[in-house]
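Written out below as structure tokens is the structure these notes cover.
The values are calculated or read from the model by the stated rules, or taken from the named source; none is laboratory data. These numbers were taken from a predicted model, which means no experiment stands behind them. Note that we place each Cβ from the backbone using ideal geometry, even for glycine, and neighbour counts take in every protein chain shown.
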Amino acid sequence: MSKTILCIGAGYVGGPTMAVIADNCPEYKVIVGDINAARIKGWQSATLPIYEPGLDAVVKRARGRNLFFTTDIIAGIKEADIIFVSVHTPTKTFGRGAGRAADLQFWEKTARDIVEHAESDKIVVEKSTLPVRTAEAMHRILQSNTKGLNFEVISNPEFMAEGTAIDDLQHPDRVLVGAMSTPSGQEALADVVDIYKHWVPEAKIKTTNVWSSELSKLVSNAMLAQRVSSVNSISALCEKTDANILEVSASMGLDSRIGPKFLSAGVGFGGSCFKKDILNLVYLCEYYGLPEVAAYWEQVIKINDYQQRRFVENIANQMFNTVAGKKIAVFGFAFKADTGDTRESPAIYICRMLLDEHAKLAIHDPQALPYAATDLADCSAAEISYETDPYQAAAGAHAIVVLTDWQEFRQLDYRRIFDLMDKPAFIFDGRNLLEHQKLFDLGFNVFPIGQKALSHFEKTSA
Ligand code: UDX
Ligand code: ADP
């Protein structure tokens, strides 16, 4: 093997990214380390710890050949030439910046582990999303070593999205690599670029200074989230005016300057990145004395919260002003389709609001049920059931609430579901996923997002 790469952190980012690197660079040894022994055991087994379409095949090809998973991070540090740091950087829950700033304790711990155990020069690559200028702190910690070692810090943020991670990694829009302008910084940059050149066309590999690279990642996520909040805010206006958000989004998206992506209205964005990164951006703007800029970006989160509250209020209003004691079937708990991940999923907040209204929930999701049970562990178990069978979830329910855009929900037998439900039967389609007219014709009262409701009650359909 010509080089050894270590990745610290075997999560949603580290695992798939390293699998794709190992798959495309057979002459590099790729070690993925994590302190979580159960997670590592999962990566070594037939059932990987995360669900991601296409991931199994990539891991199978490379594992044991040049891709290895381990809890022995110290040995990995000693052996590696290039170390990717891919630990989580959640929002701080305590002290200064609580609720906004990134909690960098896991990240700093890895820097200190590297300093303690390194026996040769290393290139350290920030893969985790970090506040702009974090590389400076990392460089300082690493250079504090008394062994005479040199460390170069590179920023190489990951832009893959869950559910499409493998395709995003194989065919990225761009790979961003930021480095210091020093000769050794530029040398390190070339080494990291060399990895990606194995499969990414050079025109798509963009090199910048470290700070631009760090900030580009934060702002890319903020801009995507802003599009979702923008369209969600307009969905509220559509519901008041009989304009249709699908038609408005499609019309806007035809403008090549706007483009069609990230214009789907729904119950709001979730996932581990958008909220955390915007909060982080807001905190940074406040820190640098830019309150107007901070307030601008904070509004993106406020609209997201508003959209979820609005959705639940509509459910209660339409169901004769009360959901107390009524069974509600929740279709989808993951934060988006094709993942089992529920981090910051709108479903968590919506289910909690429905439970506050004393609804009884039957939650169905093709992948996310174990996480759903953890996310709602503190709620009354008597009020929630977790159903692997959607028909079982719908049996005796007054309403179906669609919270994730799983395509398989479109294929269900809604005549059978209607027959199983209490009447009148309601569907609140929080993802505009289903065929509303067909459902209405079957007898459902249908409430989409940003579109006219299809109700059999004259008063509400007027
Ligand atoms: C995001 C970024 O897309 C990715 O580049 C970055 O590396 C990590 O964060 P991810 O969170 O995995 O990826 O999913 P994404 O597809 O961006 O969706 C985020 C949320 O926005 C989901 O809850 C999704 O349902 C929602 N969304 C997305 C909408 O509500 N409407 C849309 O039009 C698009
Ligand atoms: P992401 O979505 O950013 O990949 P995850 O939470 O899925 O975030 O993964 C981060 C991983 O980093 C976790 O599996 C966690 O156990 C691991 N981790 C955190 N701190 C350390 C550390 N000091 N050394 C090794 N692994 C760590």
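Details
- Single unsatisfied condition, ASN244 versus (1) within 30 Å of ALA337 (Cβ to Cβ); (2) within 27 Å of the chain's Cα centre (by Cα): (2)
- Where helices (runs of 4 or more DSSP H) fall entirely within segment 165-243, those with at least 2 residues that are free of Cβ contacts under 8 Å to residues at least 60 places away in the same chain, more than 16 Å from ligand 2 (Cβ to nearest atom) and buried (at least 18 other Cβ atoms within 10 Å of the Cβ) are at 183-197, 210-241.
- Total residues in segment 25-67, condition of a type outside the set (Asp, Glu), within 13 Å of ligand 2 (Cβ to nearest atom) and within 15 Å of ILE8 (Cβ to Cβ): 9
- Strands (runs of 3 or more DSSP E) enclosed by segment 364-462 - at least 1 residues per element that are out of contact with any Ser or Thr (no Cβ under 9 Å at 6 or more places or on another chain) and of a type in the set (Asp, Glu): 426-429
- Taking first residues from segment 391-417 that are within 16 Å of ligand 1 (Cβ to nearest atom) and partners that are modelled with pLDDT of 95 or more and among the charged types (D, E, K, R), the Cβ contacts under 7 Å between residues at least 6 apart in sequence or on separate chains come to VAL402/ASP429; VAL402/ARG431; THR404/LYS336; THR404/ASP365; THR404/ARG431; ASP405/LYS336; ASP405/ARG431.
- Residue in segment 347-357 that is of a type outside the set (Phe, Trp, Tyr), under 28 Å from LYS217 (Cα atoms) and assigned by TED's automatic domain parsing to the domain that holds TYR391 present: yes
- Considering each residue of segment 329-343 in turn, none proves to be surrounded by fewer than 22 Cβ atoms within 10 Å (Cβ to Cβ), over 15 Å from the mean Cα position of the chain (by Cα), closer than 27 Å to LEU420 by Cα and in the same structural domain as ALA236 (by TED's automatic domain parsing).
- Output for segment 258-287, where each listed residue is away from ligand 1 (no atom under 11 Å from the Cβ) and not in a helix (DSSP H, G or I): ILE258, GLY259
- Test for THR17: is it in the same structural domain as ASP81 (by TED's automatic domain parsing), among the polar types (S, T, N, Q) and in a loop (DSSP other than H, G, I, E, B): no
- Check on GLY270, in contact with an Asp or Glu (Cβ under 8 Å, 6 or more places away or on another chain), more than 16 Å from ligand 2 (Cβ to nearest atom) and under 24 Å from THR342 (Cα atoms): no
- Scope segment 233-277; condition among the basic types (Lys, Arg) and within 30 Å of HIS88 (Cβ to Cβ); matching residues: LYS261, LYS275, LYS276
- Residues (at positive phi and in contact with a Phe, Trp or Tyr (Cβ under 8 Å, 6 or more places away or on another chain)) located in segment 111-154: ARG133
- Every pair of residues 6+ apart whose Cβ atoms lie under 7 Å, when the first sits in segment 252-264 and is crowded, with 16+ Cβ neighbours inside 10 Å while the second is hydroxyl-bearing (Ser, Thr, Tyr): LEU263/SER249; SER264/SER249
- Leading residue by the ranking (surrounded by the fewest Cβ atoms within 10 Å (Cβ to Cβ)) among those in segment 116-133 that are within 15 Å of ligand 2 (Cβ to nearest atom), modelled with pLDDT of 95 or more and of a type in the set (A, V, I, L, M): ALA118
- Any chance THR110 is assigned to a helix (DSSP H, G or I) and in contact (Cβ under 8 Å) with a residue 60 or more places away in the chain: yes
- Top-ranked residue of segment 88-105 - restricted to ones that are touching a residue at least 60 places away in the same chain (Cβ under 8 Å) and either outside the structural domain of VAL193 (by TED's automatic domain parsing) or surrounded by 15 or more Cβ atoms within 10 Å (Cβ to Cβ) (or both), ranked as farthest from ligand 1 (Cβ to nearest atom): GLY97
- Out of LEU279, LEU284, one residue alone is out of contact with any strand residue (DSSP E or B) (no Cβ under 8 Å at 6 or more places or on another chain), more than 22 Å from TRP406 (Cβ to Cβ), surrounded by 13 or more Cβ atoms within 10 Å (Cβ to Cβ) and not assigned by TED's automatic domain parsing to the domain that holds GLU162. It is LEU284.
- Every residue from segment 78-110 that is small (Gly, Ala, Ser) and either touching a Pro at 6+ places or on another chain (Cβ under 7 Å) or at positive phi (or both): GLY95, GLY97, GLY99, ALA102
- Residue check: VAL20 meets all listed conditions (1) within 16 Å of ligand 1 (Cβ to nearest atom); (2) out of contact with any Leu (no Cβ under 6 Å at 6 or more places or on another chain) but one, namely (2).
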